[in-house]
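J.: Structure provided below as structure tokens; questions to follow.
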Amino acid sequence: MAGYHPAMQRARFADLPSDVHGLISKRTAELNGVAVTQVTFARGARWSADLKEYAGTDLCELPHVAVVTDGALAVRMADGSEEVFSAGDVMLLPPGHDAWSVGDQDCTFVEFSKGNDYYADQS
């Protein structure tokens, strides 16, 4: 059996501290310059209600590449177009959107990003 390779990395979301803003929480693992973030929009959560003031922008200006693992997330772009992403969907969201959980359950997605985290810079 092969041994552990030093370049491999592991993290468990359950072991990471949660960053909570209203009904939205996130846990981020940094793996060799790639941020992998588990984001949960609790039932009734909405970016414009829970994170807008913290972010200081009218809409979320971060791009997201993510996999929805539970629930459903509705997204409205600045131009008014809307889409609902459900468990099993892979989504790419460009900057300039609002988002909210849909239905009676939390929505959780895991996103992947490289580079600086806008919200971390706002602390």
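J.: State whether one or more residues within the range 4-13 are in contact with a helix residue (DSSP H, G or I) (Cβ under 8 Å, 6 or more places away or on another chain), touching a residue at least 24 places away in the same chain (Cβ under 8 Å), of a type outside the set (Ser, Thr, Tyr) and on the phi < 0 side of the Ramachandran plot.
T.: The answer is no, given that none of the residues of the range 4-13 is in contact with a helix residue (DSSP H, G or I) (Cβ under 8 Å, 6 or more places away or on another chain), touching a residue at least 24 places away in the same chain (Cβ under 8 Å), of a type outside the set (Ser, Thr, Tyr) and on the phi < 0 side of the Ramachandran plot.
J.: If GLY56 satisfies all but one of (1) loosely packed, with under 12 Cβ neighbours inside 10 Å; (2) within 17 Å of GLU111 (Cβ to Cβ), what's the number of the condition it fails?
T.: (2)
J.: Looking at the range 12-30 only, could you name the residues that are open to solvent by 50 Å² or more (accessible area, probe 1.4 Å) and either farther than 15 Å from SER113 by Cβ or among the hydrophobic types (A, V, I, L, M, F, W, C) (or both)? Full working, then the answer.
T.: Initial filter on the range 12-30 (open to solvent by 50 Å² or more (accessible area, probe 1.4 Å)): 12-15, 17-20, 22-23, 27, 30.
Answer for the range 12-30, where residues must be open to solvent by 50 Å² or more (accessible area, probe 1.4 Å) and either farther than 15 Å from SER113 by Cβ or among the hydrophobic types (A, V, I, L, M, F, W, C) (or both): ARG12, PHE13, ALA14, ASP15, PRO17, SER18, VAL20, GLY22, LEU23.
J.: Let me ask something else about it. Could you give me the residue pairs with C-beta distances under 7 Å whose first residue belongs to the range 64-75 and is farther than 10 Å from ASP106 by Cα and in contact (Cβ under 8 Å) with a residue 12 or more places away in the chain, whose second residue is among the charged types (D, E, K, R) and open to solvent by 10 Å² or more (accessible area, probe 1.4 Å) wherever it lies, and which are 6+ apart or on separate chains?
T.: HIS64/GLU111; VAL65/GLU111; ALA66/GLU111; VAL68/ASP89; ALA74/GLU82; VAL75/GLU82; VAL75/GLU83
J.: Looking at the range 59-68, can you tell me whether even one residue there is out of contact with any Ser or Thr (no Cβ under 9 Å at 6 or more places or on another chain) and buried (at least 16 other Cβ atoms within 10 Å of the Cβ)? Walk me through it before giving the result.
T.: Let us first name the residues in the range 59-68 that are out of contact with any Ser or Thr (no Cβ under 9 Å at 6 or more places or on another chain), namely 61, 67.
If we keep only those that are buried (at least 16 other Cβ atoms within 10 Å of the Cβ) too, we end up with none.
Checked against the condition, which is being out of contact with any Ser or Thr (no Cβ under 9 Å at 6 or more places or on another chain) and buried (at least 16 other Cβ atoms within 10 Å of the Cβ), the range 59-68 yields no hits at all.
J.: Here's another thing I want to ask about it. Check LEU62 against each of (1) within 11 Å of the chain's Cα centre (by Cα); (2) assigned to a strand (DSSP E or B) and name the one condition it does not meet.
T.: For LEU62, the exception is condition (2).
The values are calculated or read from the model by the stated rules, or taken from the named source; none is laboratory data. Remember, it's a predicted structure, so these values are computed and weren't measured experimentally. Virtual Cβ from ideal backbone geometry, glycine too; neighbours counted across all protein chains shown. Just so you know, the surface numbers come from the protein's heavy atoms only, side chains and all, with ligands and any DNA or RNA stripped out. Shrake-Rupley method; radii C 1.70, N 1.55, O 1.52, S 1.80 Å.
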